[in-house]
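Accompanying notes for the structure given below.
The values are calculated or read from the model by the stated rules, or taken from the named source; none is laboratory data. These figures come from a predicted structure and were not determined experimentally. Neighbour counts run over all protein chains shown; Cβ positions are idealised from the backbone, glycine included. Heads up: the accessible areas ignore ligands, DNA and RNA and are worked out on the full protein's heavy atoms, side chains in. Shrake-Rupley method; radii C 1.70, N 1.55, O 1.52, S 1.80 Å.
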Amino acid sequence: MGAAIRSELRKIFTTRLWWGMAIPIVLLAAGVTALLAATSEPEKANPDLGVPAMSQTQFAINTYTGAVGLGYLLTMCVGIVAIGSEYRHQTITSTFLAVPHRTRVMAAKVVALLVTGAFYGLLFVVAAVAAGAAVLSSRGLSTFGEGFAVPRALLLMLLVLGLWALIGLGAGILIPNQVAALMIMVGIAWILEPILGGVLASQDWGEGVSKFFPSRATQAMLSQQSTGINDSVPVERLSWPAGALVLLAYSALLAGIGTWLTTRRDVS
Amino acid sequence: MTTAPTPSPTSTGARIEIAGLTKSFGDFRAVDDLSFVVEPGRVTGFLGPNGAGKTTTLRMLLGLIRPSAGSATIDGRPYAELDNPMQVVGSALEATSFHPGRTGRDHLRVLAAASRVPDARVDELLELVGIAAAAGKRAGTYSMGMRQRLGLAAALLGDPRVLILDEPANGLDPEGIRWLRGFLRHLSTEGKTILVSSHLLNEVEQTVDDVVIIANGRLVQQGPISTLHGDRRQLVRTTDPDRLGAALGEDGLLVVRTGDDSLEVTSEDARRIGDTALRLGLPIYELRESRSDLEDLFFQLTSAPENRNRNLGATEPTTDVQPGEVQ
């Protein structure tokens, strides 16, 4: 197993893709976060609804995590490509020749992706905080707030990015055609699923279902402290560990079915 | 040509056994109840026209394709059950299966890590197959010949006892083919079992000890290549083939007229034919061993009606329905 993991890590860092992927992640995290930090304002108190003014701590959190929706799409793509490029360039043949135990190969890919997912996630978090904090401090706003709220939110964002990388890997294992996997998953995660989740959430009966949707589970992980916003429309949310488990379950389901199919598939 | 059995003193080769192997893709039987054995320490040519099922057979042997029926084993075990397969069996399938953005050295390093081979071995092999100078270049820039060599290096990475090479001469220039021949011969002296597929007999004729010939997924012939040759024959050209033929026939030789001025004589002794012609006072324009028989035989075997290439639509044998028959 150790040998297979070492091989997977070498695969990742011996093509240009790893830093080709790092550039858009850093640029996007820094750019979008800086824009949010520069253009948005902490919400004012709304006495009519009994909503207090947003704390600076909360505003800092909202700023830093503002780009995560794009960030998790990117780490999801990292996950898809980690396996998709093997099918695309037919290197899967030599991979299975070296390690014929296909479940072991897929497990090694999961472990290797934990490393790269953490790497890209960290890159995203650092870029977002660096750019966001620079703008916030230039506006005279608090950059790290009070207590552990901001670090905690950043760690949860890192977890979200890593979990989405795993979802991507699962989808890539399930759909061997890399281009198809990318298009289907971005289409679902970016467009279809949020719309469907939103529609369901607005229905009484859909509420209980939609909180298990990936984007809603993601929100649940990031918005625990956001008691100040959007409470005019109280939304049922999972706790953050539950949200993380839901995302983990999605990736496990995709990877599990995909691996089962892979062990039965002909490689030619 | 090394026709003699060559189990070298350090013979470590393993035995490959294909038994009743069958693979259907839908209605199409790519491999049809195929059985043969590759003996340890010998070079076996796996021959057949394009589309005969060679690659499918090799992929089943290597655990990449699941057989519909039958088994393929190496020393009694399926490939997937070998502990460290690349140290038992080295294989090179297509020359195209490299990530174009990864260097040749890194491709080998990836495989070395997976098969627990020290990295030092990577540079050794790059040197051995003669692409050390291009090792740092991305594989996408490699020529076909360099890809074949890189594939061969990957196959040899684990110093395996068995080598399985699928059309290794494809895309090689004449110099490369010559190099490959010498290389395979060298490897066979180390006692490795080598199974090398080709659609061209003359590509491997000088290298192999045994042949396995298939057509349309079925076994056509197998055995030492010397048994394919049959008896040795001499081709002779002269002014009066009838007279020469009659004289040789009286000598008890089998003579066949093959042209206006040529004969084919079943004999390994060219001097005897020359001496007879001299005795008759006949000039000789040509006298040589007739070597085309193997190629002819291969062609005959694989183009016999029942073995006709199913992939050529025009010659597809009509099985049930005769022309003009109304269903």
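Brief remarks follow.
- None of B:Ala72, B:Ala80, B:Ala30, B:Ala4 is touching a Pro at 6+ places or on another chain (Cβ under 8 Å) and modelled with pLDDT under 95 except B:Ala80.
- Strands (runs of 3 or more DSSP E) fully within region B:28-97 that include at least 2 residues being within 17 Å of B:Ile214 (Cβ to Cβ) and open to solvent by 20 Å² or more (accessible area, probe 1.4 Å): B:28-38, B:69-74.
- Members of region A:3-39 that are hydroxyl-bearing (Ser, Thr, Tyr) and either in contact with a Ser or Thr (Cβ under 7 Å, 6 or more places away or on another chain) or within 9 Å of another protein chain (Cβ to nearest Cβ) (or both): A:Ser7, A:Thr14, A:Thr15, A:Thr33
- Flag for A:Val81 being more than 9 Å from chain B (Cβ to nearest Cβ) and open to solvent by 20 Å² or more (accessible area, probe 1.4 Å): yes
- Extreme residue, farthest from B:Val162 (Cα to Cα), among residues of region B:60-102 that are among the β-branched types (Val, Ile, Thr) and at the interface with another protein chain (Cβ under 7 Å from one of its Cβ atoms): B:Thr96
- When A:Gly50, A:Gly2 are screened for being at positive phi and loosely packed, with under 14 Cβ neighbours inside 10 Å, only A:Gly50 passes.
- Looking across region B:211-240, the residues that are over 30 Å from B:Asp32 (Cβ atoms) and open to solvent by 40 Å² or more (accessible area, probe 1.4 Å) come down to B:Asp231, B:Arg232, B:Arg233, B:Arg237, B:Thr239, B:Asp240.
- Residue-level check: of (1) part of a helix (DSSP H, G or I); (2) touching a residue at least 24 places away in the same chain (Cβ under 8 Å), A:Leu141 misses just (1).
- Residue list for region A:87-109, restricted to those being more than 22 Å from B:Gly151 (Cα to Cα) and either at the interface with chain B (Cβ under 9 Å from one of its Cβ atoms) or not in a helix (DSSP H, G or I) (or both): A:Ala108
- Among residues of region B:67-89, those that are touching a strand residue (DSSP E or B) at 6+ places or on another chain (Cβ under 8 Å), of a type outside the set (A, V, I, L, M) and on the phi < 0 side of the Ramachandran plot, counted: 6
- None of B:Arg243, B:Arg257 is open to solvent by 50 Å² or more (accessible area, probe 1.4 Å), at pLDDT below 90 and more than 30 Å from B:Phe46 (Cβ to Cβ) except B:Arg257.
- When B:Gly151, B:Gly140, B:Gly136, B:Gly158 are screened for being assigned to a loop (DSSP other than H, G, I, E, B), within 14 Å of chain A (Cβ to nearest Cβ) and open to solvent by less than 50 Å² (accessible area, probe 1.4 Å), only B:Gly158 passes.
- The residue list B:Arg308, B:Arg279 contains one member that is open to solvent by 60 Å² or more (accessible area, probe 1.4 Å), of a type in the set (Lys, Arg) and modelled with pLDDT of 70 or more, which is B:Arg279.
- In the set (1) surrounded by 21 or more Cβ atoms within 10 Å (Cβ to Cβ); (2) in a helix (DSSP H, G or I); (3) more than 9 Å from chain A (Cβ to nearest Cβ), B:Asp123 fails one condition alone, (1).
- Residue check, A:Thr14 in contact with a helix residue (DSSP H, G or I) (Cβ under 7 Å, 6 or more places away or on another chain), at pLDDT below 90 and open to solvent by less than 30 Å² (accessible area, probe 1.4 Å): no
- Meets criteria (in contact with a helix residue (DSSP H, G or I) (Cβ under 6 Å, 6 or more places away or on another chain), at the interface with another protein chain (Cβ under 7 Å from one of its Cβ atoms) and surrounded by 21 or more Cβ atoms within 10 Å (Cβ to Cβ)) for B:Val110: yes
- Among the candidates A:Thr57, A:Thr63, residue that is touching a helix residue (DSSP H, G or I) at 6+ places or on another chain (Cβ under 7 Å), surrounded by fewer than 24 Cβ atoms within 10 Å (Cβ to Cβ) and over 24 Å from A:Thr116 (Cβ atoms): A:Thr57
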